[in-house]
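Here is the structure we will look at.
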Amino acid sequence: MEHALDITLTVNGAQVSRRVAPRQHLVDFLREELGLTGSHIGCEHGVCGACTLRVNGEIVRGCLMLAVQANGTRVDTIEGLTDSKELAPLQKAFHERNALQCGFCTPGMLMAAQDLVLQKRKASREEIRAHISGNYCRCTGYQAIVDAIEEVIHGKG
């Protein structure tokens, strides 16, 4: 790997060090180097939200961030948030409300939804829609997704 750079980051609580190409995107690094394939590669332009990750507590598009930019950061993936049970209420609500459909957008949608849940405020349906507007879903029409997020945020489940 010509011009490779060494990076060290914390992924789902575990420190990881690797030598990476400077142009490798974070989502590709996670999928190819670490086998964390829950974050999907969709549009590769940061538009669809399928590659949504959490870096130092903020959601980002993994296709727009280079792996070298993640050096020294904490990265949380859908696998990490699932293993820690952080997403359990949202996953349950998505399942019960049939908000999963094909599942391609679901990891990114859950990451965006959890970002809103962590704000600990009672968001309106319009605010929920605005918050997930950067995540495309071609299967559900969003109604079931908004229902599931609303259920968790408002403690209806």
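The values are calculated or read from the model by the stated rules, or taken from the named source; none is laboratory data. Note that the structure is a prediction, hence the values are computed from the model and not measured. Virtual Cβ from ideal backbone geometry, glycine too; neighbours counted across all protein chains shown. Accessible surface is based on the protein model in full, side chains and every heavy atom, while ligands, DNA and RNA are left aside. Shrake-Rupley method; radii C 1.70, N 1.55, O 1.52, S 1.80 Å.
Odds and ends about this structure:
- Pairwise alpha-carbon distances in the chain exceed 22 Å for 39% of all pairs.
- Based on protein heavy atoms only, the range 87-137 ends up with 50 Å² per residue of surface accessible to a 1.4 Å probe.
- Computed from backbone phi with θ = phi - 60° and the Karplus coefficients 6.51, -1.76 and 1.60, the 3J(HN,Hα) list for the range 101-117 is 6, 6, x, 5, 7, 4, x, x, 5, 5, 4, 5, 5, 5, 4, 6, 4 Hz; x is used for glycine and proline.
- Each Cα pair under 8 Å and six or more residues apart adds its separation to the average, and for the range 33-78 the resulting relative contact order is 36 percent.
- Note on the chain: with charges restricted to the Cβ of Lys and Arg (+1) and Asp and Glu (-1), its dipole about the Cα centre is near 320 debye.
- Descending Cα extents along the principal axes, the range 68-157, whole Å: 38, 28, 24
- Apportionment of accessible area to carbon and sulfur, the range 29-96, percent (1.4 Å): 49
- Normalising the average separation of contacting C-alpha pairs (under 8 angstrom, six or more residues apart) by the number of residues puts the relative contact order of the range 37-157 at 30 percent.
- Peptides 98-104, 63-69 ordered by packing proxy, namely the average of other Cβ atoms within 10 Å per residue, highest first: 63-69, 98-104.
- The alpha carbon gyration tensor of the range 1-75 gives principal lengths a ≥ b ≥ c with a/c of 1.5 or higher and a/b no greater than b/c, which makes the shape oblate.
- Angle between the chain longest axis and helix 143-153 axis [Cα atoms, degrees, rounded to 10]: 90
- Under the simplified labelling scheme, the residue 133-residue 119 pair shows an inter-label distance of 1.2 nm, with each label point 7 Å from Cα along Cα→Cβ.
- A 1.4 Å probe run over the protein chains yields, for the range 1-51, 55 Å² of accessible area per residue, whole-number rounding.
- Packing, taken as the mean count of other beta carbons within 10 Å per residue, orders the peptides 52-61, 115-124 from highest to lowest as 52-61, 115-124.
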